[in-house]
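To start, the structure itself, in structure tokens.
The values are calculated or read from the model by the stated rules, or taken from the named source; none is laboratory data. Note that the coordinates shown come from a computational prediction; the quantities given were computed from them, not determined experimentally. FYI the Cβ positions are ideal-geometry reconstructions off the backbone, even for glycines, and counts take in every protein chain you see.
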């Protein structure tokens with residue numbers, strides 16, 4: 001047996017170790033599942049970590065009701081294929097109050113549907129540890145994030161009071177009501193994720209692959225008109241273009257890119273050539289300066 | 001054209017992916033402050049390996065004009081400067097992680113900001129790293145912080161150091177300067193426990209010897225930094241001999257399967273191997289190595305596996321499966337180097353937990369001595385504050401299976417958790433329990449194994465009883481400067497106040513415990529060491545020590561200070577001129593010295609090094625004994641040692 005391991009095997013080993021620690025030390029863990037590529041990798045690692053057993057925790061989808069229909073289909077497919085325990089939560093208060101991605105503004109919309117929805121679910125099910133797919137490379141403010149990220153009784157992140165993390169020894173002690181967010185993919189880069197998906201042949205939501213889809217231009221974005229709810233100008237007609245998505249969010253807020261990449265190698269090739277930060281496709285981050293930091297303090301992932 | 005574009009022209013994506021699957025991972029740490037060019041170096045590595053996205057680079061170009069320090073050129077330091085603003089807001093950043101990748105390896109940089117919490121941050125960053133880059137400014141050479149950084153790397157078991165001599169452009173790319181610093185560093189580094197040290201002259205700002213060999217330093221032939229990072233041999237760093245597997249979980253998916261899940265902490269395991277379970281000491285054999293990718297015949301560190309065993313044995317989380325031939329130590333007690341990570345200092349009355357591998361147990365700890373991270377010397381330490389390092393005796397309620405950290409970074413490491421706050425307050429590296437070779441330095445405080453019994457009276461109880469804070473007052477000065485006179489007057493004054501002082505008079509001690517010593521520099525140093533040792537015992541037992549001793553050498557006084565602890569040490573220099581001292585000499589010692597009958601007499605035939613920054617200077621030829629004592633008393637009150 002060779003002495004050295006590949007970088008992907010090392011990253012995989014680290015992630016599995018983290019997941020097993022959480023299961024051993026926490027009473028009610030949950031894994032966030034958005035059907036995105038990072039979620040798909042997390043799911044894959046969880047299946048490996050507890051093999052030949054089943055994944056011993058539920059998966060949680062915070063459903064804004066505005067996900068792409070392909071996302072719902074993919075989610076349900078994964079649930080039945082792996083026999084997952086899936087929990088779906090929607091912030092019904094916000095829906096009743098008329099919050100929607102068109103009129104509310106992306107800040108208010110995301111705050112209500114994603115953040116409040118998440119906090120409601122964590123409270124409802126009394127989860128003490130929640131796995132998220134965030135990576136340190138993704139964004140400046142994530143570079144210093146710990147793998148076990150502590151949240152107080154109000155799910156708030158106190159950046160001044162995070163515990164030092166040494167080796168792979170994680171301090172899992174919390175007081176009643178407190179919780180942690182766990183980031184098993186902390187040390188993966190976007191390229192690692194793609195390379196691993198390729199290597200392990202991990203199923204992906206079809207939106208990542210280019211296909212002819214009806215789109216409208218909402219500068220600077222191309223929006224995929226995913227269902228009849230999308231408001232169009234009186235004589236506006238969606239145009240069919242060859243597009244795909246680099247990240248998945250709520251469809252009215254997630255920009256598509258024009259692309260011919262319909263296979264994994266082509267996607268990776270395009271990704272290598274397309275040097276733009278990963279989250280630039282999502283509208284939510286542009287609205288506020290330093291918005292990620294603020295959202296984390298409030299309890300976002 | 002970017003590297004990727006070039007690459008994709010020459011190679012199709014499939015072979016690119018194929019090749020990428022064979023990369024290794026190297027985690028490294030960068031040590032240095034902003035002034036050393038650390039941010040610039042990291043920015044340069046990210047930039048020159050095309051890790052930066054176009055939009056990030058555009059933002060940095062914009063900012064360079066506004067805030068940069070490079071006169072409009074792209075200021076690469078700004079790439080990692082997200083942390084600066086956060087630091088100003090008081091956000092704790094112990095480590096920020098950066099990522100880049102080349103055709104040969106993926107790299108993770110642990111970037112530790114260089115402010116006051118440096119020891120803690122560096123220890124955190126170093127704990128997961130295999131290699132450290134130590135930045136030295138070519139203009140300044142090896143500084144105390146260079147030593148500190150190197151020592152922490154050594155303490156945390158880093159095996160590869162790259163000493164980058166930066167800002168070579170500011171010293172005319174001088175080979176002589178490079179060699180000078182290299183020699184300076186090598187001399188100091190012989191004290192460290194690091195086997196691989198590599199030196200590279202660079203300019204992070206100009207890009208010299210970072211990715212490409214520098215045209216300005218043709219005399220340097222060992223290749224640029226990136227080449228070294230890509231090729232340094234790391235495959236043997238892991239301990240692949242001693243099999244250890246701390247059990248994380250017991251998996252029982254059905255009645256027929258009982259597997260033990262965990263990451264292999266060190267060594268390898270094969271199907272059929274005999275293994276021992278600790279703490280039960282039961283032996284059995286490996287029946288299968290189960291993974292989602294199929295059963296394996298063999299697995300090695302750090303792979304996460306599930307083992308099934310041939311016998312039905314009782315195993316739960318926290319147990320360790322180990323080699324039968326080469327088992328770990330097993331017991332409650334061990335010694336370790338601790339780094340204190342929390343603002344709240346160590347509390348001898350506090351309740352602490354230790355997490356080692358997958359086992360968490362209550363623990364008590366006893367400080368043997370502190371370690372000065374700048375000089376590596378031992379020093380007295382009452383308690384442990386943030387960023388302090390100490391050698392400690394640990395006693396765990398549940399016995400642990402452990403190895404010395406230097407042999408095994410997994411089973412030799414632990415964290416300490418405050419039971420009340422649940423915070424991680426310290427990290428520890430277990431020391432070699434079998435090492436009998438004590439330090440050859442007589443000043444070092446040697447840990448005792450023979451007796452674990454210790455005093456049941458705490459320092460606080462003594463302080464309450466005696467109503468005083470223990471401290472040592474060292475009166476130094478020439479013969480005839482008034483040391484003994486002032487010492488006994490001070491003793492009287494303190495005693496009358498209800499305190500319990502003890503005078504250690506150099507000449508008295510020479511009649512007894514130092515009767516074997518002469519007056520050479522070495523013997524004087526040894527004499528002072530003994531006096532310091534006694535003062536320490538007195539202080540540890542709550543008493544005030546007044547040392548009246550010539551103590552001619554600054555370096556030796558410095559060691560006494562370290563031995564006693566700076567926070568309970570007062571150095572008083574009696575500054576009477578030599579002529580005055582001579583005139584007070586009734587015993588005729590100076591005459592004998594001047595006649596050469598006493599050799600190496602300080603002030604006459606050997607140096608008396610005047611203290612550069614004593615806590616107090618008393619001109620005893622100008623003020624009276626009473627006034628001198630008054631001044632010392634005032635100083636003791638200011639320090640809060642007496643009321």
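Some observations on this one:
- Residue list for segment B:183-242, filter: within 28 Å of residue B:371 (Cβ to Cβ) and touching a helix residue (DSSP H, G or I) at 6+ places or on another chain (Cβ under 8 Å): B:185, B:188, B:189, B:192, B:193, B:194, B:197, B:198, B:199
- The set of residues in segment A:35-58 being more than 18 Å from residue A:200 (Cβ to Cβ) and either within 12 Å of another protein chain (Cβ to nearest Cβ) or crowded, with 23+ Cβ neighbours inside 10 Å (or both) consists of A:53, A:54, A:56.
- Residue within segment A:5-17 that is under 23 Å from residue B:27 (Cα atoms), over 15 Å from the mean Cα position of the chain (by Cα) and either away from chain B (no Cβ under 14 Å) or not in a helix (DSSP H, G or I) (or both) present: yes
- Being in a helix (DSSP H, G or I), touching a helix residue (DSSP H, G or I) at 6+ places or on another chain (Cβ under 9 Å) and closer than 26 Å to residue B:493 by Cα is a property that residue B:532 has.
- For segment B:253-268, a residue qualifies if it is touching a residue at least 40 places away in the same chain (Cβ under 8 Å) and under 21 Å from residue A:168 (Cβ atoms), and the qualifying residues are B:259, B:260, B:261, B:262, B:263, B:264, B:265, B:266, B:267.
- Criterion (touching a strand residue (DSSP E or B) at 6+ places or on another chain (Cβ under 8 Å) and part of a strand (DSSP E or B)) met by exactly one of A:172, A:130, A:121: A:130
- The combined condition, being more than 9 Å from chain A (Cβ to nearest Cβ), free of Cβ contacts under 8 Å to residues at least 40 places away in the same chain and surrounded by fewer than 16 Cβ atoms within 10 Å (Cβ to Cβ), is not fulfilled by residue B:284.
- Among the helices (runs of 4 or more DSSP H) confined to segment B:72-167, the ones with at least 2 residues that are at pLDDT below 90 and closer than 24 Å to residue B:51 by Cα are located at B:82-88.
- So residue B:612, is it in a loop (DSSP other than H, G, I, E, B) and in the same structural domain as residue B:466 (by TED's automatic domain parsing): yes
- Residue within segment B:306-323 that is surrounded by 14 or more Cβ atoms within 10 Å (Cβ to Cβ), within 12 Å of chain A (Cβ to nearest Cβ) and free of Cβ contacts under 8 Å to residues at least 60 places away in the same chain present: yes
- The listed residues are B:321, B:240, B:307, and the only one of them that is under 34 Å from the mean Cα position of the chain (by Cα) and in a strand (DSSP E or B) turns out to be B:321.
- Exactly one residue out of B:324, B:306, B:389 is modelled with pLDDT of 95 or more and out of contact with any helix residue (DSSP H, G or I) (no Cβ under 6 Å at 6 or more places or on another chain): that is B:306.
- Close pairs from segment A:119-139: first more than 14 Å from chain B (Cβ to nearest Cβ) and over 30 Å from residue B:51 (Cα atoms), partner in a loop (DSSP other than H, G, I, E, B) and at pLDDT below 95, Cβ under 7 Å, at least 6 apart: A:119/A:155; A:119/A:299; A:122/A:155
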